[in-house]
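Just below is one structure, and these are the notes that go with it.
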Amino acid sequence: MLLNGADILIHCLEEQGVRNIFGYPGASILSVYDALANSSIRHVLAAHEQGACFAAEGYARRSGRAGVVLATSGPGATNLVTGLADAYMDSVPLVAITGNVPLSKLGHDSFQEVDIFDVSMPVTKYGIIVKSANEIAPAIRRAFALAESGRKGPVLVDVPSDIFDHSAEYEPVQPARPLPLPPSEEEVRAAAELLNKSERPLLYAGGGVTQAGAEDKLMQLARKLNAPVVTSYMGIGCCPPGYERFLGVLSDINPKATEAVSECDLFVTVGARFNSRYNAFNTLRKRKIPLLQIDSDRAEIDKNLLTTAAVVGDAALSLEALLPLAEEKEAQDWAYLAMPDLGEENRGTRIIRALTRELGDVTVTTDVGLHQEWTAHNAVIRTPRRFLTSGGLGAMGFGMGAAIGAHFASGDVCLVVTGDGSFNMNFNELTTAVKHHVPLVVAVLNNNALGMIRKLQTARRSKGGVNALYLDVDYAALARAMGARGVTVTEEEDPEEAVKRALDGPLPVVIDFKLPINTGI
Amino acid sequence: MDNATRQIVSILVNNQPGVLSRIAGLFSRRGYNIDGLTVCATEDERWSRMTITVNASPATVKQIVAQLEKQEDVVKVMDFDVRKVVTRELLLIKVAVGGAKRSEIVDLCTLFGAKAIDVTADSMILELTGSTDKVDSFVKTLGVYDISEMARTGGAALERGADALATTVEK
């Protein structure tokens, strides 16, 4: 049938089963907004394109399907860039659709014109400029296929605005779901050989396990090997907290996990890359501990650390192939078992534990700063896709949008753990939550300063203090001004009781937890 | 960089806008230095061929190939051992010479297999096709004269023998 470009776009989103999209209108994409009005798709209007992009990411991270974000040309498009970079770093499937100035005006520095295709190139898996209405359907279908296949990631589709108003033939197509990449038998055999030769393997699980739904297979292997399991930020939830050899998140503030890494004789990484952050990875290199890497992206192999053996393939298919070849192992004695719990403990960590205990099975999002570390180590997360954080990019302001998106993917109550610094970046999205009745619990761990910066500056013995905000914002009052509930918890109150009191009432709520300025520093 | 050698990476890419930018961006972003780059049409209009010369260790070249292979617009990647390929560069060089010195230049051209393609009373343009080393040494030799300007292409490379990059592409 003959449809205009905007209708073709919406039909293609419906083909993909898209129910919710996030965005912000502007002159170059208004035709799409007209078409949306007659569709089955709910559009969630954000306060800022960055918030919309984080919401689409939250939707994707919670559901596993590509999130969709809409923005107009120029500033609308450039405001997506941080979200695209975040999705790229954490391999989150995302389809970003931007309107641009009309085809004939491209390249003339027209009003609100930006070459977003080029701008986004280093932070997207792929980008497409659509130059005729006939190309819309193939471009959208290809964008979804790319975003959701192999190592997942963001794809940008840029459409000059007049293309939305041109007509083209449209025939519905049933989208083929991308097939996960199977590993080669040869690589699996070599991996099994390495595994069977080792006595003390340790498993490190990342986002690739979540993406592949491989958590059960991971745990089968862990139990068969009697192996300790650590996760990356992206892998939180892959290993249930009840597993007796679960060591939590690998980071420098987890001494037990760091010790376990130095004790293992084979480090097995599944769907996690080696970042630049943790000393444990330096230990691997210095002690020449053999490394077995399972990843869906061949370019990750030998990128930062040299592997002894590698399996390139989907984590679930690779583990499934490896399981029957892996021999059972006796439980070993590890020195870390005798170590006392030396994890960071402060008012912030107590508040986070009290919140997740009280809220039960919630989805937790974080921003970036000291509270991100505290939450990663203290929130009780039992299943994958329940802890959403900006792992690779470390983007402050991620949490609000991500929680809103996660709610639309799941119906979950979402807990946003943030700090005063991060919350200042994107608290505007509280208006989105209020408008759409999103049940958020926003915990602002408010020390009235940029805690992580303060910590780094203290470590560097920096003089001077360009680190503190000292604005003493009343976030409870701010929340009320935006139509949400607001509660203040003073430094003196008992965290457990304060949490119970604060949660007793309608959502969304912002809880302003006042903390001493040097908490955790 | 330790054990860095000159390597040639040949890539078949989709012939469409933005591809050169994407590939060049990948190299700069990941810190791979490009010594030479040639892009040309191929016998198949769907594809372009990029010939990239890099000075890198074998491990880096492996990474480059892995990063290139996952690009959506890359059809096929081959990294060649320089000994198994023939490469040629084209040099055009303008020398400000006339009179008696012209015959010296003509002698050099004979030695190197270069051609004079434009001659005026006080200038000559010479053309040379050859390996990177040969072109380098010709430029160096002409250095004693007054070189006005020069233009030089990147390398074009083909594997020796009957194999072809395009025939290894799964149709």
Counting only residues that are more than 14 Å from every other protein chain (Cβ to nearest Cβ) and without any contact (Cβ under 8 Å) to a residue 24 or more places away in the chain, how many does the range A:286-308 have? 2
A:LYS131 surrounded by fewer than 20 Cβ atoms within 10 Å (Cβ to Cβ), without any contact (Cβ under 8 Å) to a residue 60 or more places away in the chain, away from chain B (no Cβ under 14 Å) and at negative phi: no
Restricting the search to the range A:149-168, which residues are surrounded by 23 or more Cβ atoms within 10 Å (Cβ to Cβ), within 12 Å of another protein chain (Cβ to nearest Cβ) and more than 28 Å from A:ALA27 (Cβ to Cβ)? A:GLY153
When residues of the range A:269-298 are limited to those that are within 20 Å of A:SER91 (Cα to Cα) and over 21 Å from the mean Cα position of the chain (by Cα), the one modelled with the lowest pLDDT: A:ARG298
Among the residues of the range A:9-30, what is the count of those that are touching a strand residue (DSSP E or B) at 6+ places or on another chain (Cβ under 6 Å) and hydrophobic (A, V, I, L, M, F, W, C)? 4
Selection count where residues are more than 32 Å from the chain's Cα centre (by Cα) and among the charged types (D, E, K, R), scope the range A:157-189: 6
If I filter the range B:58-74 down to residues being in contact (Cβ under 8 Å) with a residue 40 or more places away in the chain, part of a helix (DSSP H, G or I) and not hydrophobic (A, V, I, L, M, F, W, C), which single residue comes out as nearest to the other protein chains (Cβ to nearest Cβ)? B:GLN67
Exclusive hit being more than 17 Å from the chain's Cα centre (by Cα), hydrophobic (A, V, I, L, M, F, W, C), buried (at least 20 other Cβ atoms within 10 Å of the Cβ) and within 27 Å of A:ALA212 (Cβ to Cβ), set A:LEU146, A:LEU94: A:LEU146
Give me a count of the residues in the range B:1-53 that are away from every other protein chain (no Cβ under 14 Å) and either closer than 21 Å to B:GLN63 by Cα or surrounded by fewer than 17 Cβ atoms within 10 Å (Cβ to Cβ) (or both). 30
Scan (1) within 14 Å of another protein chain (Cβ to nearest Cβ); (2) part of a loop (DSSP other than H, G, I, E, B) for the single condition A:GLU171 breaks and write down its number. (1)
Return the total of residues in the range B:76-109 being of a type in the set (Asp, Glu) and in a strand (DSSP E or B). 2
Options A:LEU291, A:LEU247, A:LEU306; residue that is of a type in the set (A, V, I, L, M), buried (at least 17 other Cβ atoms within 10 Å of the Cβ) and within 30 Å of B:THR60 (Cβ to Cβ): A:LEU291
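Tell me yes or no: at least one residue of the range A:349-360 is outside any helix (DSSP H, G or I) and in contact (Cβ under 8 Å) with a residue 12 or more places away in the chain.
Taking the range A:349-360 first, the residues outside any helix (DSSP H, G or I) are A:360.
Of the ones still in play, those that are also in contact (Cβ under 8 Å) with a residue 12 or more places away in the chain are none.
No: zero hits.
The values are calculated or read from the model by the stated rules, or taken from the named source; none is laboratory data. Here the structure is a predicted model, which is why all the values come from computation and not from measurement. Note that each Cβ is placed from the backbone with ideal geometry, even for glycine, and that neighbours are counted across all protein chains shown.
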